[in-house]
Amino acid sequence: MSERRGLLIILSSPSGAGKSTLARKLRDWDASLQFSISATTRKPRVGETDAKDYYFVSEDDFRKYVNEGEMLEHARVFNNYYGSPKGPVQKAIDNGRDVLFDVDWQGAQQISNSSLKQHVLSIFILPPSIRELRRRLETRGQDDQDTIALRMEKSWDEISHWDGYDYVLVNDDLVDTEARLKAIITAERLRLSQQPKLVDHVRALQAEFEETK
């Protein structure tokens, strides 16, 4: 048994709030932290590898996994199903490895209500202002104005679910937010429920105490 159980870390935010950057920084900080690999019913694209980019499954198998409770969360997007298989996450947690999920509030809610909910650490990243959120979307140069408008329209729907998370951080300064995020994870790794060997240690202390009486 590992010294501790892994955490199932959920990061959510509206597009442009800094979630992807923070996730990369967490990975640089602790290389043992692994990103969750999603399952999908869509066909592999050129260069994609099964079990590395996605788990590519048939629609019948995907439905079967959902019905058997083997998907922590799932959704239908543009006629294809996407979801997070439970098995690899359970294995990682049992081996003391943290798994990072980049999901929206609906996925976060499903995972938080799953059979692995006792290991969930959910964190929502807020922008300092709506004006700053738009500025970040515009300056990163990835989207045209129509796409930015759609992302801004969706942003409030995401933000409105902020209070469903364990922690909420306002990303007004990336360095400071990164430090607070690391502090949260460090503390949560010491949560009593994440340290299965403590029970044996306390029993050993009790036996030693009885011997000294």
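Among the residues of segment 74-89, which ones are exposed (fewer than 13 other Cβ atoms within 10 Å of the Cβ) and assigned to a strand (DSSP E or B)? ARG76, VAL77, listed by residue number. Taking each residue of segment 32-56 that is loosely packed, with under 11 Cβ neighbours inside 10 Å and looking for partners that are modelled with pLDDT of 95 or more and assigned to a strand (DSSP E or B) with beta-carbon atoms closer than 8 Å, six or more apart or interchain, yields LYS43/PHE56.
Scoring TRP162 on the criteria (1) under 30 Å from SER2 (Cβ atoms); (2) at pLDDT 95 or above leaves a single failure, condition (1). Within segment 58-73, which residues are touching a residue at least 40 places away in the same chain (Cβ under 8 Å) and loosely packed, with under 12 Cβ neighbours inside 10 Å? The answer is GLY69, and nothing else.
The values are calculated or read from the model by the stated rules, or taken from the named source; none is laboratory data. Just so it is clear, the model here is predicted, and its values are computed rather than measured. Backbone-built Cβ (ideal geometry, glycine too); neighbour counts: all protein chains shown.
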